[in-house]
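Encoded as structure tokens, here's the structure I'll be asking about.
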Amino acid sequence: MLAEDVRRHMASMGIRKLQDLIGRTDFLQVVPSKNNPKAQMLDYSAILLNALELRPGTSILGGSLAQDFLLKDRL
């Protein structure tokens, strides 16, 4: 099962909750493509930056702030 594989990988990294992986670019790495020369020209540095380094003190975890969108008033 996919969920069991994900849990196994998370446990090997010391991660208990899936939400703890949000924003963790330190777990990502670029695997170069030897078969596609255009792929070697891609620069992933901008999307692999740590979000907390860009805006220190910002909450990057989804659902960590209660928000009221007043949906009952919009329908």
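The numbers here are math on the coordinates, done by the rules we state, and not lab data. From a predicted model like this one, the values you see are computed outputs, not experimental measurements. Reconstructed Cβ throughout: ideal geometry from the backbone, glycine too, with neighbour counts over all protein chains shown.
Are any residues in region 28-55 surrounded by 10 or more Cβ atoms within 10 Å (Cβ to Cβ) and either of a type in the set (Gly, Ala, Ser) or in a helix (DSSP H, G or I) (or both), and if so, which ones?
Scanning region 28-55 gives Ser33, Ala39, Ala51, Leu52.
Starting from region 16-44, keep only residues that are hydroxyl-bearing (Ser, Thr, Tyr), then list their pairs with residues that are outside any loop (DSSP other than H, G, I, E, B) and surrounded by 10 or more Cβ atoms within 10 Å (Cβ to Cβ) whose Cβ atoms are within a distance under 7 Å, requiring at least 6 positions of separation or different chains.
Sorted first by the residue in region 16-44, then by its partner, the pairs are Ser33/Ala39.
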